[in-house]
Amino acid sequence: MFGIKLGTMKNLLSILFIISMLITACGTPVTPAGESATTATQESEKTPRPESTVAAQTRLDVKQEALDGLEITVWAPWYGVELGLLNTFVEEFNSENEWGIKVKMESQVNFTNLYESVSASLPTAEKPDLVIALPEHALEWNAEGVVTDLTPYTEDPLYGINSSDIPFVFWNQDSTGVARVAVPAQRTARFLLWNETWAGELGFDSAPDAPEDFKQQACRAQQAMLKDDSAQNDFMGGWLVDTEPMTAYAWLLAFEGGVLDGSDYRFLTPNNIAAFKFLRELSETGCAWQTANDEPFNAFANREAMLVTASLEDLPDIARAMASAKNTDQWKVISFPGENEDTLLIYGSSYVILNSTDNDQLASWLFIRWLLDSEQDARWVEATHLFPIRTSTVELLGDYEKTHPQWAQAIQLLPQGEIQPQLASWRKVKVMIGDGFTHMYRVNVPSGQVPAILAQMESIARDLDQ
């Protein structure tokens with residue numbers, strides 16, 4: 001309409017986002033228009049700015065001495081590397097924090113166990129002070145009136161944080177109305193992996209940037225498998241089908257569909273029909289395929305699939321699979337291609353403070369704020385390979401970025417990020433989406449039957465939202 005190509009707009013958004021990250025990270029002062037940097041420096045030398053002598057004052061009704069010796073309980077959903085690092089953080093905070101706060105940490109092993117344990121504990125005195133949970137869990141507990149609104153804490157002059165240093169797609173997930181039910185703890189994304197070297201050999205010089213591009217590359221990869229001496233791989237080559245809930249939802253968003261109409265679930269829409277029909281037709285024409293085993297990264301590394309889906313935390317496993325296969329192909333992280341805008345689905349866990357005393361709530365918040373410091377944030381990234389929560393953390397990860405190029409590519413895609421539905425029922429609905437998507441492939445539903453599948457999914461979603 002304005003003479004600007006869609007691909008150019010997508011690239012422009014990414015460039016603007018990267019520039020904003022660099023400005024935030026570097027803290028470069030801005031020189032007023034018409035004034036040279038030299039002039040501005042000379043002027044500041046002539047007239048030094050007065051230093052503020054007024055210390056920030058908290059608006060929270062808690063005296064600092066009341067925090068000394070306080071013990072708070074934190075429940076986490078992790079085991080392995082994440083649990084080990086969190087235990088290290090707890091030990092460091094307990095020995096170093098200026099308030100004398102003590103943190104006691106308990107692992108609930110996974111998110112399902114954590115949700116059930118927290119929900120059972122809510123009427124009791126044994127409930128935790130701080131929980132690392134999924135945003136939809138926080139929304140459900142908030143509806144029960146047991147979650148602390150974190151707005152006064154995040155915005156406090158003394159104890160608050162600079163939320164502008166946190167990407168909006170991370171920060172916005174945990175707000176509902178005027179309340180903030182949580183703050184981001186970890187964020188990952190669902191995306192596509194694309195074999196750039198193989199695509200180049202087949203005549204493509206760029207990643208698929210629209211559904212039709214995706215189809216052409218997937219189909220040509222499958223056709224290439226027909227030309228070798230093996231008949232066993234004739235059905236391979238294109239997109240390796242993945243029926244994870246976040247994959248299904250990301251494809252709906254890429255087609256400008258979704259699952260909501262206002263605050264109600266709605267699946268049966270023209271755009272959703274177009275999305276699922278597109279995916280089913282890929283399978284019907286042999287341009288997408290399925291495998292009985294659970295090793296999509298090996299298929300990618302062995303050139304059995306040009307395109308697979310993955311999450312950010314999977315990148316090290318994919319790199320190892322490529323090395324094991326002695327595959328030196330160049331590969332990239334890309335968004336789900338849409339006609340107008342590409343989609344990157346962002347999700348992850350959040351810090352949730354449960355209602356208790358003012359003292360305990362502030363102590364919990366101070367631990368969260370310490371965990372969100374860029375130094376701890378960078379250590380989380382290096383251990384988990386997820387997104388940094390703070391934009392300014394990127395400047396601490398220069399060496400990591402050099403050795404993890406696909407992670408760096410994912411950072412550049414953040415402007416395309418979308419959040420999940422901000423509804424407590426999403427906990428159940430997202431499982432249903434995965435089940436419905438899996439059923440569609442398991443029984444080879446014809447593309448013409450896609451509307452019926454979506455209608456059934458919509459009906460079930462509305463029942464789950466009751």
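Within the stretch 212-222, which residues are farther than 16 Å from LEU344 by Cβ and touching a residue at least 24 places away in the same chain (Cβ under 8 Å)?
Listed by number, the residues that qualify are ASP213, LYS215, GLN217, ALA218, CYS219, ALA221, GLN222.
In the list GLU35, GLU116, which residue meets the criterion of being modelled with pLDDT under 95 and not small (Gly, Ala, Ser)?
Exactly one residue qualifies, and that residue is GLU35.
Tell me, yes or no, whether the stretch 106-114 has at least one residue that is touching a strand residue (DSSP E or B) at 6+ places or on another chain (Cβ under 9 Å), outside any helix (DSSP H, G or I) and over 20 Å from SER350 (Cβ atoms).
No: the stretch 106-114 contains no residue that is touching a strand residue (DSSP E or B) at 6+ places or on another chain (Cβ under 9 Å), outside any helix (DSSP H, G or I) and over 20 Å from SER350 (Cβ atoms).
Go through LEU282, LEU192, LEU253, LEU268 for me and flag whichever is in contact (Cβ under 8 Å) with a residue 24 or more places away in the chain and in a strand (DSSP E or B).
Exactly one residue qualifies, and that residue is LEU192.
Might you let me know whether the stretch 351-372 holds any residue that is modelled with pLDDT of 95 or more and in contact with a Gly (Cβ under 7 Å, 6 or more places away or on another chain)?
Checked the stretch 351-372: no residue is modelled with pLDDT of 95 or more and in contact with a Gly (Cβ under 7 Å, 6 or more places away or on another chain).
Could you list all residues from the stretch 56-75 that are touching a residue at least 60 places away in the same chain (Cβ under 8 Å) and not β-branched (Val, Ile, Thr)?
Selection gives ALA56, GLN57, ARG59, LEU60, ASP61, ALA66, LEU67, LEU70.
Looking only at the stretch 443-456, decide whether some residue is surrounded by 18 or more Cβ atoms within 10 Å (Cβ to Cβ) and closer than 30 Å to GLU116 by Cβ.
no
Considering only residues that are over 13 Å from the mean Cα position of the chain (by Cα) and under 30 Å from LEU150 (Cβ atoms), look in the stretch 338-354 and name the one that is surrounded by the most Cβ atoms within 10 Å (Cβ to Cβ).
Taking the candidates together, the pick is VAL352.
Across the stretch 223-248, what is the number of residues that are free of Cβ contacts under 8 Å to residues at least 60 places away in the same chain and either part of a strand (DSSP E or B) or touching a Phe, Trp or Tyr at 6+ places or on another chain (Cβ under 7 Å) (or both)?
Selection size over the stretch 223-248: 1.
Say we look at the stretch 63-111 and pick out the residues that are surrounded by 12 or more Cβ atoms within 10 Å (Cβ to Cβ) and of a type in the set (S, T, N, Q); which of these is farthest from the chain's Cα centre (by Cα)?
The residue in question is GLN64.
Let's see how each residue does on (1) of a type in the set (A, V, I, L, M); (2) within 24 Å of SER163 (Cβ to Cβ); (3) without any contact (Cβ under 8 Å) to a residue 60 or more places away in the chain; (4) not assigned by TED's automatic domain parsing to the domain that holds LEU315:
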| site | (1), (2), (3), (4) |
| --- | --- |
| ASP377 | no, yes, yes, yes |
| HIS385 | no, no, no, yes |
| THR391 | no, yes, no, yes |
| LEU396 | yes, yes, yes, yes |
| THR403 | no, no, yes, yes |
| ALA410 | yes, yes, no, yes |
| GLY434 | no, no, no, no |
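Any residue in the stretch 180-187 that is over 28 Å from LEU60 (Cβ atoms), in contact with an Asp or Glu (Cβ under 8 Å, 6 or more places away or on another chain) and either acidic (Asp, Glu) or surrounded by 23 or more Cβ atoms within 10 Å (Cβ to Cβ) (or both)?
No, that holds for no residue.
Select from the stretch 96-105 the residues that are on the phi < 0 side of the Ramachandran plot and not in a helix (DSSP H, G or I) and list them in ascending order.
ASN97, GLU98, TRP99, ILE101, LYS102, VAL103, LYS104, MET105
Suppose we filter ALA299, ALA323, ALA310 for residues that are free of Cβ contacts under 8 Å to residues at least 60 places away in the same chain and hydrophobic (A, V, I, L, M, F, W, C); which single one remains?
One residue alone meets the criteria, ALA323.
Sort out which residues of the stretch 278-293 are among the hydrophobic types (A, V, I, L, M, F, W, C) and either surrounded by 14 or more Cβ atoms within 10 Å (Cβ to Cβ) or closer than 13 Å to ASN444 by Cα (or both), and write them in order of number.
The answer is PHE278, LEU279, LEU282, CYS287, ALA288, TRP289.
Tell me the residue from SER364, SER335 that is in contact with a Leu (Cβ under 7 Å, 6 or more places away or on another chain), crowded, with 22+ Cβ neighbours inside 10 Å and more than 30 Å from ALA125 (Cβ to Cβ), please.
SER335
Just the residues that are touching a residue at least 12 places away in the same chain (Cβ under 8 Å) and either surrounded by fewer than 23 Cβ atoms within 10 Å (Cβ to Cβ) or polar (S, T, N, Q) (or both), please, taken from the stretch 119-133.
SER119, LEU122, LYS127, listed by residue number.
What are the pairs, 6+ residues apart or on separate chains, where a residue within the stretch 154-165 that is part of a loop (DSSP other than H, G, I, E, B) has its Cβ under 7 Å from a residue that is of a type in the set (Gly, Ala, Ser)?
Going by the 7 Å Cβ cut-off, the qualifying pairs are PRO157/ALA56; LEU158/ALA56.
Can you tell me which residues in the stretch 310-332 are in contact with a Ser or Thr (Cβ under 6 Å, 6 or more places away or on another chain) and buried (at least 22 other Cβ atoms within 10 Å of the Cβ)?
Residue satisfying the conditions is LEU312 alone.
The values are calculated or read from the model by the stated rules, or taken from the named source; none is laboratory data. As the structure is a prediction and not an experimental result, all values here were calculated from the model. With ideal geometry, Cβ positions are generated from the backbone for all residues, glycine too; neighbour counts draw on all protein chains shown.
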